[in-house]
Amino acid sequence: MVARLQRRAAMGRRLHVLRTLTCSKSVQRKSVIMDALLYIYKLKLKLEAIKRELANLVAIKREYLSLMKQLQLPKEVKVEKAEQGLLVRVTCEKGGDKLVSILEVFEEMGLVILNARVSSNLFFAMEAIVVADQEQHALHVKSITQAVTKAIERQ
């Protein structure tokens, strides 16, 4: 007798939990179970929709990344006169030791870097202000442009 009452109370608690989870207004056990089954079915449908959306987003990301890889940036080296020396701007595709090659060229030409900014997220980009190490080294825009272009092409 006591066991039967305990089972009945436990069933009542479980039905109450199901009612609150599914927002069911039903009082009968059969209706609560049907509402729970309907709720589970709706959750499955939502999960499938989310999975489809995730698959679409992954495909879009993959396509975007492949397009970015195919996008070839032209090698661009610009050297302009600045207040303190020369402003050197380099833009090209990333990969290899481009920064090391460019710094070696600056060192060979006797140039000192006062300030530099480098980025390599989608492509390699560098902006640097350089001055001559000693006054005997002249700063020629054309020679610096050619030397940096050769350094990039070596890679």
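Using only Cα atoms, what Kirkwood radius does the chain have, in angstroms? Hydrodynamic radius (Kirkwood, Cα pairs) of the chain is 21.7 Å.
The residues of the chain present an accessible area of 78 Å² per residue when probed at 1.4 Å with all protein chains retained. Working note: Karplus 6.51/-1.76/1.60 with θ = phi - 60° gives segment 115-121 the couplings 8, 8, 9, 10, 9, 9, 6 Hz, where Gly and Pro are set to x.
3J(HN,Hα) along segment 21-33, derived from phi through the Karplus expression 6.51 cos²θ - 1.76 cosθ + 1.60 where θ = phi - 60°, amounts to 5, 9, 6, 7, 9, 6, 10, 6, 4, 5, 5, 5, 5 Hz, with x in place of Gly and Pro. Ranked from largest to smallest solvent-accessible area, with a 1.4 Å probe on the protein heavy atoms, F123, F106 come out as F123, F106. Think of it as helices only: each DSSP H run of n ≥ 4 in the chain is worth -39500 (n - 2.57), and spread over all residues that comes to -20000 deg cm²/dmol at 222 nm.
Remark: the chain carries a charge dipole of roughly 2840 debye about the Cα centre, counting +1 on each Lys and Arg Cβ and -1 on each Asp and Glu Cβ.
Do you know the relative contact order of segment 37-100, to the nearest whole percent, from alpha carbon pairs under 8 angstrom that are 6+ apart? Contact order relative to length: 21 percent. Report the longest stretch of the chain that contains none of the GluC sites (Glu not before Pro) sitting in a DSSP loop with at most 13 other Cβ atoms within 10 Å. Formally, the longest exposed-site-free interval is 1-82.
The values are calculated or read from the model by the stated rules, or taken from the named source; none is laboratory data. No experiment lies behind these values; they were computed from the predicted model shown. So basically every Cβ, Gly included, is an ideal-geometry build from the backbone, and we count neighbours across all protein chains shown. All accessible areas refer to the heavy atoms of the entire protein, side chains included, with ligands and DNA or RNA removed. Shrake-Rupley method; radii C 1.70, N 1.55, O 1.52, S 1.80 Å.
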